[in-house]
1. Anything in the stretch 61-78 that is touching a residue at least 12 places away in the same chain (Cβ under 8 Å) and surrounded by fewer than 14 Cβ atoms within 10 Å (Cβ to Cβ)? List them, or say none.
2. In the stretch 243-281, how many are among the aliphatic types (A, V, I, L, M), modelled with pLDDT of 95 or more and open to solvent by 10 Å² or more (accessible area, probe 1.4 Å)?
3. Have a look at V262, V269, V298 and point out the one that is in contact with a helix residue (DSSP H, G or I) (Cβ under 7 Å, 6 or more places away or on another chain) and β-branched (V, I, T).
4. Show the residue pairs meeting these rules: Cβ distance below 6 Å; 6+ apart or different chains; first residue within the stretch 234-253 and assigned to a helix (DSSP H, G or I); second residue open to solvent by 40 Å² or more (accessible area, probe 1.4 Å).
5. Given the conditions (1) assigned to a loop (DSSP other than H, G, I, E, B); (2) of a type in the set (S, T, N, Q); (3) buried (at least 20 other Cβ atoms within 10 Å of the Cβ), which single one is not true for S52?
6. Residue pairs, Cβ under 6 Å, 6 or more apart or interchain, first in the stretch 195-210 and in contact (Cβ under 8 Å) with a residue 40 or more places away in the chain, second assigned to a helix (DSSP H, G or I) and open to solvent by 10 Å² or more (accessible area, probe 1.4 Å). List them.
7. Quick check on my filter: what residues within the stretch 266-306 are closer than 14 Å to Y324 by Cβ and touching a residue at least 24 places away in the same chain (Cβ under 8 Å)?
8. Starting from residues that are surrounded by fewer than 16 Cβ atoms within 10 Å (Cβ to Cβ), in contact with a strand residue (DSSP E or B) (Cβ under 8 Å, 6 or more places away or on another chain) and assigned to a loop (DSSP other than H, G, I, E, B), keep the ones in the stretch 79-121 and report whichever is modelled with the highest pLDDT.
Amino acid sequence: PKMPFLFDPARFGQGMQNFIGMVHQGGVTTAVDMGIGVFGNPLNEIAMIRHSVESAQAPARFVLTPIITDFIGRGVSIADALQEINQWRTQNSPRVSIDRRFKLMIDGAIFSGLAQFDYPGYLDGHQGVWMLPEQTTMDWAQAFWDAGYQLHAHTNGDGSAARLINLLKRLQANTPRADHRLVLEHFAYTTEDQNRQLKALGAVVSANPYYHFILSDMYSEQWLGADRGNHMVRLGSLERLGVPFALHSDSPMAPLEPLTLVSAAVNRVSINGNLTGELERVSLDAALRAITINAAWVIGYEDQIGSIRAGKKADFTILETDPYRVHTKRIKDIKIWGTVFEGVPAPLVEK
């Protein structure tokens with residue numbers, strides 16, 4: 001059975017120790033888990049994460065996000081899901097918390113070729129998948145939207161982006177909300193027109209620029225053609241439009257190293273050394289903001305973290321080299337001295 005295997009205390013505890021170490025080495029002080037309960041048994045998972053993080057006094061905070069597929073898989077109603085999450089929240093601690101955010105699942109994964117693409121679709125004729133029926137997603141989104149939650153949506157292809165845009169239009173028509181910051185998560189491929197619609201609707205983006213680095217050549221050659229494959233992760237478009245965006249690793253889908261993500265976004269050179277979609281490169285300033293203050297903005301924490309200002313939590317990542325003074329090709333090689341978490345220094349110890 002997968003539950004005893006996955007949640008064996010010794011195995012899970014060691015895995016969490018490794019993860020906490022990776023977070024620290026990457027210079028991360030706030031990590032957002034976008035799918036608590038994805039493996040089932042969320043109460044057990046939350047308890048074990050909390051125990052590992054608090055007992056280690058980890059120099060980082062972890063924000064856990066409930067996911068729609070957990071509740072549907074367990075046969076939990078929307079009303080009961082809202083009550084469950086409220087109960088989980090009573091156990092929040094300074095380092096591990098569940099706030100008012102909820103994860104939707106629109107299409108399949110980009111790595112497995114199951115994202116949904118609009119016409120002409122995949123050139124080999126295969127189809128992506130929808131994770132849930134559109135009306136089911138809408139029903140859950142509406143309930144959590146009305147309850148004041150920030151919605152995050154796993155959205156990869158432009159077919160999926162179209163469905164998400166339609167969902168957001170319906171939500172705003174039913175229950176208008178200002179500054180809702182619905183987040184498009186992953187952002188593997190969108191069109192320029194869709195990016196303009198996202199801006200008009202007040203959506204924000206959490207993107208994985210590593211998709212372009214690792215997948216764009218293969219997608220260009222086999223599945224999408226170069227016109228679309230070369231333009232995966234259109235971050236330059238977002239910068240020009242002024243759409244707030246963050247960079248994420250979706251670890252282990254990309255290295256848990258924000259500077260590696262910055263490098264991928266700024267350089268747009270694929271794993272094979274190809275510079276493609278160069279107009280979708282972003283400025284170094286935009287990329288660094290996407291792992292600091294704009295990342296904080298995307299999750300609604302801009303008053304607590306993300307920049308240096310009186311009254312914030314004093315979280316810092318200390319680099320051994322100024323990223324503005326090295327060639328962009330060297331950004332990912334900048335060494336991290338350590339972090340400061342809520343004012344307490346946490347240097348990395350050389351092994």
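The values are calculated or read from the model by the stated rules, or taken from the named source; none is laboratory data. Nothing here was measured: the structure is a model prediction, and the numbers come from that model. Virtual Cβ from ideal backbone geometry, glycine too; neighbours counted across all protein chains shown. Ligands, DNA and RNA are excluded from the accessible area calculation, which covers all protein heavy atoms including side chains. Shrake-Rupley method; radii C 1.70, N 1.55, O 1.52, S 1.80 Å.
1. Quick first cut of the stretch 61-78, residues touching a residue at least 12 places away in the same chain (Cβ under 8 Å) only: 61-74, 78.
Of everything in the stretch 61-78, just one residue is touching a residue at least 12 places away in the same chain (Cβ under 8 Å) and surrounded by fewer than 14 Cβ atoms within 10 Å (Cβ to Cβ), namely G73.
2. The number of residues fulfilling the criteria is 9.
3. One residue alone meets the criteria, V262.
4. G236/L279; G236/R281; S237/E192; L241/K199
5. Going through the list (1) assigned to a loop (DSSP other than H, G, I, E, B); (2) of a type in the set (S, T, N, Q); (3) buried (at least 20 other Cβ atoms within 10 Å of the Cβ), S52 breaks only (1).
6. That search, which allows pairs on different chains as well, returns N195/L241; K199/L241; P209/A264; Y210/A264.
7. From the stretch 266-306, those closer than 14 Å to Y324 by Cβ are 266, 283-289, 292; that's our starting set.
V266, S283, L284, A286, A287, L288 - these are the residues of the stretch 266-306 that are closer than 14 Å to Y324 by Cβ and touching a residue at least 24 places away in the same chain (Cβ under 8 Å).
8. This residue is R100.
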